[in-house]
Amino acid sequence: MSVPIRSLPVIQNWDCHGCSDCCRIEAVITDEEKRRIEALDLANDPEVAPKPWFTSMSWGGAKWKLNHRPDGGCVFLTTKNRCRLQERFGPDAKPFVCRLFPFVLIPAGNHWRVGMRFSCPSAAANQGRPLADSEKDLVRLSRQLEQHVGRSADSAPPPLLQAGQPLPWPDVCRIVAVLLEIVQDRRDRLERRLRKCLAVARACSQARFDGLSGNRLSEYIQAVRAGVEPDVPREPVDLPRPDLLLGRVLFRTLLAIFARRDRGIHRGAGMWSRLGRVRAGWRFVRGRGAVPRINGFLPETRFEDIERNSGMPAELDETLERYYVVKLNSLQFFGPPNFDLPFWPGLESLVLTLPMILWLRRAFADVPPVQAVQQAIQIVDDHFGGNPMLGLPHIRFLQQTLAQRGELDKLVAWYGR
Ligand code: SF4
């Protein structure tokens, strides 16, 4: 049975502006989609690259990826930056993954939530019509997604809060509602709101919710929220600096993944080779001297300058709030959209993106602050929930270590100064 779309974020706008960035990333398609495209009359079309158009991604050819031209564009991208499949045969001729981007549809029991990939520059810059205007398209896409994966939305199993602690979808949404209240409470700066979310996560991770559900669960989470309030330091300067080894080195190790761009027109220098990536990663671990330009947006700068370049204009909070509201409201931070992380570790991994974004925005010192933050969000969100490296056990371990040792709170405060 089809279920409705709910809770579209009212603060987010979007329209495709045809930049073709998404036509330069990896698009995975099914065998059926491959056969459908091959059956189209594309022979001798001068706007389509020569074959082969697909590369197999699995034994037996169940999954394929669209090939790219030497300049990084999809084989079906025209000289005018348009999709040739759409241009000649209509939008439904495109592979499903291309039709869906930059939306992410997440089944939440009896309804869908809608997330966004902020690697799309229009989403990061909030350009276009309110998301509500896309509701009809989203309903259509949700039906197509069910057909595409061969499962109905209401069959999605309830998520885990942490290992061995499942929670029904309606109760998960109740916890998210309280987190959203915290993140939208403008009496605090954004960085403190996220530190409060971490404090709630810590307190709730100690609790079992046996027998607690519905309104009683909401009241409990609100009580936890009120309980942690006096314990969360008011100003970022009230927290100590991140530990030299545990905080800063681990942080930069992860930053070397989040800040890079391995493909497309904004690919970083040397990012095409494994050796280049390893070398750049080592320089991030060291954290001294020139910052390797691991994405095409990064200007020439030094690690020392970024550490000195503090200052957090209040106007940045609005852009950051929009990003975190969309990520929380869409439930895009745990379960399948985020490498099957349980709820609380997923929340911690989302909060870790804040010091990453703020580090990058300091690197863009010559760009107006709001634009710098939007660009930083675009880079970091290209990886969040998308880069398979972040699902590797040792990378997860690093993320959890930062959170469990209290270093994540310090990093949020340090780069939020
Ligand atoms: S990245 Fe966004 S704006 Fe650019 S073509 Fe794709 S959907 Fe459109």
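Once both labels are modelled 7 Å past Cα along the beta-carbon direction, what's the residue 2-residue 405 spacing in nm?
5.1 nm
Would you pull out the residues with amide H under 5 Å of residue 5's amide H, same chain only if 5 or more places away, H placed 1.01 Å from N?
112
How large is ³J(HN,Hα), in whole Hz, for each residue of the range 339-355 in order, when computed from phi with the Karplus curve 6.51 cos²θ - 1.76 cosθ + 1.60 and θ = phi - 60°, using x for Gly and Pro?
Per-residue couplings from phi come out as 6, 6, 5, x, 4, 5, x, x, 5, 4, 5, 5, 5, 4, 5, 5, x Hz.
With runs of 4+ DSSP H residues as the only contributors, calculate the mean residue ellipticity of the chain at 222 nm using -39,500 (n - 2.57) per run, divided by the residue total and rounded to the nearest 500. Can you show the working numbers first?
Numbers: 16 runs with 181 residues, N = 417.
Counting only the DSSP helices, I get -13500 deg cm²/dmol.
Around residue 126, which amide H atoms from residues at least 5 apart in sequence, or from another chain, sit under 5 Å from its own amide H, with H modelled in the peptide plane?
For residue 126, whose amide H was placed from the backbone, there are no distant partners under 5 Å.
How big is D, in µm² s⁻¹, for the range 13-155 by Stokes-Einstein at 20 °C and 1.002 mPa s if Rh is the Kirkwood radius over C-alpha pairs? Numbers along the way, then the final one.
Numbers: Rh = 16.3 Å.
My calculation gives 131 µm²/s for D.
Do you know the relative contact order of the chain, to the nearest whole percent, from alpha carbon pairs under 8 angstrom that are 6+ apart? Mind showing how you got there, number by number?
Working: 620 pairs, mean separation 78.9, N = 417.
This gives 19 percent for the chain.
Name the residue from 46, 368, 303 whose Cα lies farthest towards the positive end of the charge dipole of the chain, charges +1 on Cβ of Lys and Arg and -1 on Cβ of Asp and Glu.
303
If you count only protein heavy atoms with a 1.4 Å probe, what accessible area per residue comes out for the chain, rounded to a whole Å²? Numbers along the way, then the final one.
Values: 18960 Å² over 417 residues.
Value for the chain: 45 Å² per residue.
At a Förster radius of 25 Å, what calculated FRET efficiency corresponds to the Cβ-Cβ distance of residue 10 and residue 238, to the nearest 0.05?
Details: r = 34 Å, r/R0 = 1.34.
That pair, residue 10 with residue 238, gives E of 0.15.
Applying a 10 Å radius around every beta-carbon, put 117-127, 386-396, 10-20 in order of their mean neighbour count, most first. Don't jump to the answer; show the numbers that get you there.
Working: 117-127: 21.2, 386-396: 13.5, 10-20: 15.5.
Averaged packing, sorted descending, gives the order 117-127, 10-20, 386-396.
Using DSSP to define loop residues, name the chymotrypsin sites (Phe, Trp or Tyr not before Pro) in the range 324-417 whose beta-carbon has at most 12 other beta-carbon atoms within 10 Å. Each step should come with its number before you reach the end.
Values: sites: 324, 333, 334, 339, 343, 359, 364, 384, 397, 414, 415; in loops: 333, 334, 339, 364, 384.
Here no loop site has a sparse enough neighbourhood.
Tell me, what HN-Hα J-couplings in whole Hz come from the Karplus equation 6.51 cos²θ - 1.76 cosθ + 1.60 at θ = phi - 60° for each residue of the range 158-167, using x for Gly and Pro?
Once θ is set to phi - 60°, the couplings for the range 158-167 become x, x, 9, 6, 8, 3, x, 10, x, 9 Hz.
Just want to confirm a number: the relative contact order over the range 13-155, from Cα pairs under 8 angstrom separated by 6+ residues, in percent.
Working: 173 pairs, mean separation 39.1, N = 143.
So the answer I get is 27 percent.
Taking R0 as 35 Å, what's the FRET efficiency between residue 185 and residue 136 from their Cβ-Cβ distance, rounded to 0.05?
Details: r = 33 Å, r/R0 = 0.94.
Calculated value: 0.60.
Modelling each spin label as a point 7 Å along the Cα-to-Cβ direction, I'd like the residue 302/residue 387 distance in nm, to one decimal.
2.6 nm
What FRET efficiency do you get for residue 79 and residue 398 if R0 is 41 Å and r is their Cβ-Cβ distance, rounded to the nearest 0.05?
Details: r = 43 Å, r/R0 = 1.06.
FRET efficiency, residue 79 to residue 398: 0.40.
Ignoring ligands, DNA and RNA, what percent of the accessible area of the chain is carbon or sulfur (1.4 Å)?
Working: 10130 of 18960 Å².
Ligands and nucleic acids excluded, carbon and sulfur reach 53 percent.
At residue 17 and residue 314, where each label point lies 7 Å from the Cα along Cα→Cβ, what is the point-to-point distance in nanometres?
Here the answer is 2.8 nm between the modelled labels.
How much length would be gained if the chain were fully extended between residue 162 and residue 282, taking 0.36 nm per residue of separation minus their Cα-Cα distance, in nm to one decimal?
Details: separation 120, 0.36 × 120 = 43.20 nm, distance 3.25 nm.
Between residue 162 and residue 282, full extension yields an extra 39.9 nm.
Taking the mean number of other Cβ atoms within 10 Å as a proxy for protection, how do you rank 292-305, 267-280 from highest to lowest?
Working: 292-305: 17.2, 267-280: 14.5.
With the highest mean Cβ count within 10 Å placed first, the list reads 292-305, 267-280.
Taking amide H positions as placed in the peptide plane 1.01 Å from N, state which residues far from residue 263 in sequence (5 or more) or on other chains have amide H under 5 Å from it.
268
Tell me, what is the percent relative contact order of the range 169-231, built from C-alpha pairs under 8 Å that lie six or more residues apart? Mind showing how you got there, number by number?
Details: 35 pairs, mean separation 27.6, N = 63.
Taking the mean separation of contacting Cα pairs over the length of the range 169-231, I get 44 percent.
Expressed in nm to one decimal, what extension gain is obtained for the pair residue 151 and residue 273 from 0.36 nm per residue of sequence separation less their Cα-Cα distance? Mind dumping the intermediate values first?
Details: separation 122, 0.36 × 122 = 43.92 nm, distance 3.85 nm.
Stretched out fully, the residue 151 to residue 273 stretch lengthens by 40.1 nm.
If you place +1 on the Cβ of every Lys and Arg and -1 on the Cβ of every Asp and Glu, how big does the dipole about the Cα centre of the chain come out, in debye to the nearest 20? Mind showing how you got there, number by number?
Details: 59 positive and 46 negative charges, 200 e Å.
I would put it at about 960 debye.
Kindly write out, for the range 36-53 in residue order, the coupling ³J(HN,Hα) from the Karplus curve 6.51 cos²θ - 1.76 cosθ + 1.60 (θ = phi - 60°), rounded to whole Hz, with x marking Gly and Pro.
5, 5, 5, 7, 6, 7, 10, 4, 6, 6, x, 8, 9, 5, x, 5, x, 8
The values are calculated or read from the model by the stated rules, or taken from the named source; none is laboratory data. All values reported here derive from a predicted model rather than from experimental measurement. When we count neighbours, we look across all protein chains shown, and the Cβ atoms used for this are built from the backbone with ideal geometry, even at glycine. Only protein heavy atoms, including side chains, enter the accessible area calculation; ligands, DNA and RNA are left aside. Shrake-Rupley method; radii C 1.70, N 1.55, O 1.52, S 1.80 Å.
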